[in-house]
Amino acid sequence: MGEYIQLASDKDGFDAKRFYYPISRVDDMGYFDLVCRILKDEAGQPKGPFSKFLMQVKQNDKFRVTSKDYAYRYLGYGEFAFKTPDAKVEHVSGVDDVVLLVQNTNISTFFQFVDTLANFSPDTTSIYMLYQVDNLRKAALMDELHALMDMGKIGLECFEEQRDAAQTSVI
């Protein structure tokens, strides 16, 4: 857990690549799931080159898929490995509680970690998440997070960002 997947394509002369965290369960074999946010302008058209490309992807289109070195890795049972800027690996052990502060589609960065911790019973590390979103109705992975919360697997507070900080909505 904690590794990026790089999607790349040179379809029709378009050479693009982007990094995403998989949201698949770690025991899924033969496939992976990603959350890809497509940014749109005021007219509803995709903004960035990779967003434009993703809007044109059809079934059976092919991507080059590679992985990138991790920034953090959860090793299980309260142990983490972190890479420092100088590529040194630091280990932290004995973590009982994890608090995640997440904004919008950055949830995909942590979802595999959260899902793994919540669903593999021998690990007793607890998770609490503060999730700030632009729009509660369009929040990524909200159904999955609520299901984990309803089962008592995670603690979750979601905040909808408002222009006026005094009008923050909480669910």
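All of the numbers you see were taken from the coordinates with simple rules; none came from a lab. As the structure is a prediction and not an experimental result, all values here were calculated from the model.
Cross-link reach is defined here as a Cα-Cα straight distance under 27 Å, omitting same-chain residues fewer than 8 places apart; for Lys17 the lysines meeting it are Lys40, Lys47, Lys52, Lys58, Lys62, Lys68, Lys83, Lys88, Lys138.
With 0.36 nm allotted per residue and the present C-alpha distance subtracted, the Leu101-Ser24 stretch has 25.7 nm of extension available. Available extension along the chain between Gln6 and Thr124 is 39.4 nm, counting 0.36 nm per residue and deducting the alpha carbon span.
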